[in-house]
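First comes the structure, then the notes that go with it.
The values are calculated or read from the model by the stated rules, or taken from the named source; none is laboratory data. Computed from a prediction, not measured in an experiment: that's the story for all the values here. Quick reminder, even Gly has a Cβ in these numbers, built from the backbone with ideal geometry, and neighbours come from all protein chains shown. Remember, those area values only see protein heavy atoms, side chains included, never the ligands or the DNA or RNA. Shrake-Rupley method; radii C 1.70, N 1.55, O 1.52, S 1.80 Å.
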Amino acid sequence: MTTIRDVARAAGVSTATVSAVINESAYVSPDLRQRVLKAVSDLRYAPSQVARNLKHGRTQLIALAVADLANPFYARIVWAAEAAAAKWGYSVVVFNSDENPDTEKGVIDRIRALGCDGAVIVPVGGAEDYSAGRLREGAPVVLLGRSVDDPGLDTVSIDNRSAGERATSYLLDLGHTRIGSITGPLHLSTGRGRYDGMLMAMQARGLAPSPDHVRSGPFREDVAYSVARDLLQRPDRPSALYVANGVMALGTMRAISDLGLRCPEDISVASTDNIAGIGGIKPRLTRTEHPVLEMTGEAMRMLVDRMRGTVETPGRTVVFQPALVVGDSCAPVR
């Protein structure tokens with residue numbers, strides 16, 4: 001590997017002169033400058049970008065900590081974040097918290113150790129996990145997709161109540177009154193918000209879900225499969241289900257099929273999320289969707305603003321609205 005000393009030797013100058021030419025940090029006569037540039041070209045010398053960045057007190061790295069890399073939803077976020085970061089000359093380092101608050105604490109420590117210039121984090125813990133300014137130490141942070149009770153943190157999220165309310169209202173419009181739900185973790189803003197939206201829709205019509213028809217758990221396909229089987233084998237099973245996210249919807253649809261039931265003839269299903277491939281499920285799933293690319297781009301823009309010091313206001317919050325996509329998984333109540 002060619003070093004700066006090799007370039008200096010070939011050009012017949014000092015390493016300080018080579019550094020001054022490459023970094024444009026001091027005056028070098030035209031003759032010496034030309035000799036250095038020729039040596040750089042002849043030897044195909046590529047200065048270490050990491051070393052140059054560290055010299056200026058930055059790494060040009062943005063950390064992206066997602067909740068579950070096994071969930072295709074987060075693969076789209078990674079893709080969108082890398083594309084957005086590249087426009088500002090940054091690279092993205094991806095971390096997986098695996099929906100585990102303890103794992104996330106270790107992730108935050110590694111982000112600090114790497115000296116990342118900033119971080120976009122999909123939080124997996126409750127508000128107490130971010131108390132005492134834990135995330136504010138060092139690099140700026142933007143929360144994406146989920147919020148915590150801390151007005152000092154920049155946050156980009158979706159209107160989760162609206163997502164749950166719109167999906168449930170669609171089921172109510174079809175005449176369903178026995179609506180069950182497979183919710184996400186209720187300590188997370190996504191799980192709680194979507195369930196609250198479902199309750200709002202039903203309460204507006206003088207209804208409430210039966211406690212026996214509501215299950216909560218991690219945003220995992222296998223968990224949804226298990227609880228869906230339990231719900232669907234009850235003698236008083238609901239006529240419709242609102243499922244809180246895409247991977248849980250996959251587990252629910254698999255449970256319906258394995259039990260020999262038909263969707264929507266025997267059970268209607270509506271969900272929230274737009275994971276890759278969900279549009280290909282038969283029947284096509286009725287769902288409320290996130291504008292994932294726009295949300296990720298906004299989070300990256302807000303982070304770059306903080307890193308460049310162009311924003312000094314307290315935590316900012318941007319909330320995107322979901323869209324209802326009507327498929328074939330819901331039918332009028334029989």
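Could you check the range 17-33 and list, in sequence order, the residues that are part of a helix (DSSP H, G or I) and aliphatic (A, V, I, L, M)? Quick ask: steps written out before the conclusion?
Going residue by residue through the range 17-33, those that are part of a helix (DSSP H, G or I) are 17-23, 30-33.
Correct list: Val18, Ala20, Val21, Ile22, Leu32.
Filter the range 159-198 down to the residues that are hydrophobic (A, V, I, L, M, F, W, C) and open to solvent by 10 Å² or more (accessible area, probe 1.4 Å) and list them by number. Quick ask: steps written out before the conclusion?
Of all residues in the range 159-198, those hydrophobic (A, V, I, L, M, F, W, C) come to 163, 167, 171-172, 174, 179, 182, 186, 188, 198.
Those that are hydrophobic (A, V, I, L, M, F, W, C) and open to solvent by 10 Å² or more (accessible area, probe 1.4 Å): Leu172, Leu174, Leu186.
Kindly provide the set of residues from the range 1-16 that are over 10 Å from Tyr45 (Cβ atoms), β-branched (Val, Ile, Thr) and assigned to a loop (DSSP other than H, G, I, E, B), ordered by number.
First, pick out the residues of the range 1-16 that are over 10 Å from Tyr45 (Cβ atoms): 5, 8-9, 11-16.
Of the ones still in play, those that are also β-branched (Val, Ile, Thr) are 13, 15.
Result: Val13, single match.
How many residues does the range 64-83 hold that are open to solvent by 50 Å² or more (accessible area, probe 1.4 Å) and touching a strand residue (DSSP E or B) at 6+ places or on another chain (Cβ under 7 Å)?
2
Considering only the range 223-334, give the strands (runs of 3 or more DSSP E) lying wholly within it that have at least 3 residues that are surrounded by 18 or more Cβ atoms within 10 Å (Cβ to Cβ).
Numbers: elements: 240-243, 268-272, 286-289, 317-320, 323-325.
Once the strands (runs of 3 or more DSSP E) in the range 223-334 are filtered for at least 3 residues that are surrounded by 18 or more Cβ atoms within 10 Å (Cβ to Cβ), what remains is 240-243, 268-272, 286-289.
Within the range 25-37, take every residue that is farther than 13 Å from Ile4 by Cα and touching a residue at least 12 places away in the same chain (Cβ under 8 Å) and give me the one that is least open to solvent (accessible area, probe 1.4 Å).
Step one: list which residues in the range 25-37 are farther than 13 Å from Ile4 by Cα, which gives 25-35.
Okay, now just the ones that are also touching a residue at least 12 places away in the same chain (Cβ under 8 Å), so 32-33, 35.
On the way: Leu32: 53, Arg33: 89, Arg35: 90 Å².
By that ranking, first place goes to Leu32.
With the condition kept exactly as written, say whether any residue in the range 81-95 is polar (S, T, N, Q) and closer than 27 Å to Pro218 by Cα.
Of the residues in the range 81-95, the ones polar (S, T, N, Q) are 91.
The next check asks that each one be closer than 27 Å to Pro218 by Cα; those that pass are none.
No, there is no match, as no residue in the range 81-95 is polar (S, T, N, Q) and closer than 27 Å to Pro218 by Cα.
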